[in-house]
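Worksheet: one structure, shown below.
The values are calculated or read from the model by the stated rules, or taken from the named source; none is laboratory data. Predicted model only: the values in this text are computed from it and were never measured. Methodologically, a virtual Cβ is constructed for each residue, glycine included, from the backbone with ideal geometry; neighbour enumeration extends over all protein chains shown. SASA here: full protein model, heavy atoms, side chains in, ligands and nucleic acids out. Shrake-Rupley method; radii C 1.70, N 1.55, O 1.52, S 1.80 Å.
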Amino acid sequence: MRLNNKTAVVTGAGRGLGKGIAKKLAEEGAHVIVADMASAEEAVSEIVAAGGSACAFKADVSNQNEVQALVQFAVETYGTLDIMVNNAGINRDGMLHKMSVENWDLVIAIDLTGTFYGTQEALKHMRSKNYGRIINISSGSWLGNIGQANYAAAKAGVVGLTKTAARENARKGITCNAICPGFIETDMTLKLKEVNEGAAWDHMMQKIPMGYAGKPSDVGNLVAFLASDEASYITSEVINVGGGMIV
Ligand code: NAP
């Protein structure tokens, strides 16, 4: 129970990676606010059924007022906010020369600006108590990936934002790190199984040295470590969870 009585917010946690992260933080003893655009009640029920402490909050991370309300809710409900995990993200893939401005703007608004709102709101509270852990979910695609100009730009932006937040707040007892998942089994990636009768999925498996997709818990384990006191001297890092895929 490395996170006993800590308060954590995880965005985009109704399903997928965020849900895996929320479950792990609750297993480690944290009170978790499971934030999502839609209802996150199912994820909360699973956590509570397993003996954890969690509650749901509806927030669209691309809306600054809703992110402010989310952090305010955490502080009012549990008295503090110790851990902020900016996980919510989407992709709208397409070749750059055909990409619509709408798909560019949408991905930047949620994946990058949403992470900015979450990081900024968390900092306002964390700086006042000289303690905090901010963990931003980037992606191995931040290094560039065919068909993902909008997503790669957003996720590279998350790396720059994270490293700046880390340096600006290092003397305030706040760490800020980015995690780059490779290929994790969630709704975002499972849709590949429908492309070319599964051939696209098989091709992806060949690109992963370990030969299989990761699980949300693989990312959750790293988040729990970075959120713990064991990681108090680790900040401004970008850590891959990709089965050897990201080089
Ligand atoms: P997912 O299965 O599509 O789940 C995304 C979650 O984010 C959903 O719960 C979704 O809510 C929520 N969300 C979407 N837009 C939101 C918004 N504006 N405000 C709040 N919540 C929002 O995706 P995932 O695979 O779990 O991805 C989670 C994060 O990991 C993303 O940042 C993604 O870029 C990153 N990532 C994933 C992989 C991977 O292999 N899966 C690899 C690298 C990075 P709804 O249910 O309401 O739609």
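Laid out as a table, the results:
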read-out: Binned Cα-Cα distance frequencies in the chain - 5 Å width, integer %; value: 1, 7, 14, 19, 21, 17, 11, 6, 3, 1, 0
read-out: Candidate residues Met84, Met245, Met1: accessible-area rank, largest first, probe 1.4 Å; value: Met1, Met245, Met84
read-out: Filter on Lys98/Lys215; Lys19/Lys124; Lys155/Lys191; Lys129/Lys163 - keep pairs with C-alpha separation over 27 Å; value: Lys98/Lys215
read-out: Between region 228-247 and region 136-166, the Cα center-to-center distance that results, in Å; value: 15 Å
read-out: Counting all C-alpha pairs of region 74-123, share separated by more than 15 Å (%); value: 56 percent
read-out: Distribution of pairwise C-alpha distances over region 9-146, 10 Å bins, in %; value: 13, 42, 31, 12, 2
read-out: In Å², nearest 10: area of Tyr151 left accessible to a 1.4 Å probe; value: 20 Å²
read-out: Spatial separation of Cα centroids for region 181-206 and region 67-122, in angstrom; value: 24 Å
read-out: Under the Debye formula (equal points on every Cα, no solvent term), log10 I(q)/I(0) of region 127-228 at q = 0.15, 0.24 Å⁻¹; value: -0.72, -1.29
read-out: Nearest-10 value in Å² for the accessible area of Arg2, using the 1.4 Å probe; value: 90 Å²
read-out: Candidates Ala149, Ala231, Ala166, ranked by Gaussian network fluctuation over the chain, Cα under 10 Å, top entry; value: Ala231
read-out: Separation in nanometres of the label points that stand 7 Å from Cα toward Cβ, at Ala49 and Glu197; value: 3.7 nm
read-out: With DNA, RNA and ligands ignored, accessible area of Lys155 (1.4 Å probe; Å², nearest 10); value: 10 Å²
read-out: Per residue accessible area of the chain, 1.4 Å probe, in Å²; value: 46 Å²
read-out: List Met95, Met37, ordered by accessible area with a 1.4 Å probe, largest first; value: Met37, Met95
read-out: Charge dipole of the chain about the Cα centre (unit charges at C-beta), most positive-ward option of Gln72, Ala165, Gly242; value: Ala165
read-out: Exposure rank, largest accessible area first [Trp142, Trp201; 1.4 Å]; value: Trp142, Trp201
